[in-house]
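Enquirer: The structure is given below, and queries will be raised subsequently.
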Amino acid sequence: MKHLRKSLAAAALAFLLTLTACGKESTPLLTAEDGVYRNEESGLAYVIAPLCYEPQSVGEAYAHLKSGSTTVTLYEVSDLDPKLWLTEEYSGISFMMVSPELELPDLAGFSPDTIHLCVQNNTVWEFATVTNQAEIDEVVRHFTEGEAVPYPAATSDMHLRLKFSSPDYPGVYYNLVYVDYGDVRYLYDRGSKRCVEMGDLLRDYIDGTYGRDSSAPDTTADPNL
């Protein structure tokens, strides 16, 4: 009977070790090499995407990234191919990892068909949506072709996010910061540091919708979030 118990215990231990090994295989470890994060055994390779890109939703854990003494879990993005797209756990700010083979466009090349106007602190609150293509194209043209100006250092009266979505890039947003100083408003890209004055673009959506909602959260958030 003792021998049977020992045999059963050994079999259970072997089974658990097998599961552990399988788990390790399902979440490969990526390490940095000349700016590329690789796992030689699986052939996976990623680079950090521009900060303007963020996930629309976060899926299952897929890999781990080793940077110095820190290990970060990376997750699948919506229904996208995890060999091409991964993301850090999303909490209002995160970074995405993409395959080096993936060429990510600027806002014009992203071809957005919707703008989600949001307040973003540790959570995201969407208060208006722009679907008029002519208005969207005007915002895109203004940001990509307008004169670049320095980003103001002072605290703004209102701080929002414009999250652009596109049928060409399902599962991800192109995210820009909107700041209002009362007499002047700016649109800012945290990744490229490009900043342009917005004029009165989208004011009807922001003043007309956000200004009437008494449940709206604080809009003076940190622009780095």
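Enquirer: Within region 73-94, is even one residue more than 23 Å from residue 160 (Cβ to Cβ), in contact with a strand residue (DSSP E or B) (Cβ under 6 Å, 6 or more places away or on another chain) and among the basic types (Lys, Arg)?
Expert: no
Enquirer: Scan region 1-54 for residues that are open to solvent by less than 60 Å² (accessible area, probe 1.4 Å), aliphatic (A, V, I, L, M) and at pLDDT 50 or above and report the count.
Expert: Summing the residues that are open to solvent by less than 60 Å² (accessible area, probe 1.4 Å), aliphatic (A, V, I, L, M) and at pLDDT 50 or above in region 1-54 gives 6.
Enquirer: Scan (1) at pLDDT below 95; (2) of a type in the set (A, V, I, L, M); (3) surrounded by 18 or more Cβ atoms within 10 Å (Cβ to Cβ) for the single condition residue 98 breaks and write down its number.
Expert: In the conditions (1) at pLDDT below 95; (2) of a type in the set (A, V, I, L, M); (3) surrounded by 18 or more Cβ atoms within 10 Å (Cβ to Cβ), residue 98 misses (1) alone.
Enquirer: For region 106-136, give me each residue that is among the charged types (D, E, K, R) and closer than 21 Å to residue 193 by Cα.
Expert: If the condition is that a residue be among the charged types (D, E, K, R) and closer than 21 Å to residue 193 by Cα, then 106 is the only one that fits.
Enquirer: State which residue pairs qualify: first residue over 9 Å from residue 164 (Cα atoms) and of a type in the set (Gly, Ala, Ser) and inside region 104-131, second residue open to solvent by less than 20 Å² (accessible area, probe 1.4 Å) and in a strand (DSSP E or B) in any location, beta carbons under 6 Å apart, and separation of 6 or more residues or different chains.
Expert: Between residues of region 104-131 that are over 9 Å from residue 164 (Cα atoms) and of a type in the set (Gly, Ala, Ser) and residues that are open to solvent by less than 20 Å² (accessible area, probe 1.4 Å) and in a strand (DSSP E or B), the close pairs are 128/117.
Enquirer: Take the conditions out of contact with any Leu (no Cβ under 8 Å at 6 or more places or on another chain), among the basic types (Lys, Arg) and either in a loop (DSSP other than H, G, I, E, B) or at pLDDT 95 or above (or both) and apply them to residue 190. Does it pass?
Expert: Answer is no for this residue.
Enquirer: For region 193-203: of the residues being within 17 Å of residue 157 (Cα to Cα) and open to solvent by 60 Å² or more (accessible area, probe 1.4 Å), which is modelled with the lowest pLDDT?
Expert: That would be 200.
Enquirer: I would also like to ask the following. Give me the strands (runs of 3 or more DSSP E) completely within region 109-172, filtered to those with at least 3 residues that are at pLDDT below 95 and open to solvent by 20 Å² or more (accessible area, probe 1.4 Å), ordered by residue number.
Expert: Output list reads 124-130.
Enquirer: For region 173-191, what are the residues that are in contact with an Asp or Glu (Cβ under 9 Å, 6 or more places away or on another chain), touching a residue at least 60 places away in the same chain (Cβ under 8 Å) and open to solvent by 30 Å² or more (accessible area, probe 1.4 Å)?
Expert: The one that is in contact with an Asp or Glu (Cβ under 9 Å, 6 or more places away or on another chain), touching a residue at least 60 places away in the same chain (Cβ under 8 Å) and open to solvent by 30 Å² or more (accessible area, probe 1.4 Å): 173.
The values are calculated or read from the model by the stated rules, or taken from the named source; none is laboratory data. If you're wondering where the values come from, they're calculated on a predicted model, not measured in any experiment. Here Cβ is always computed from backbone atoms with ideal geometry, including for glycine, and neighbour counts include all displayed protein chains. Calculation scope for accessible area: heavy atoms of the full protein, side chains included, ligands and nucleic acids excluded. Shrake-Rupley method; radii C 1.70, N 1.55, O 1.52, S 1.80 Å.
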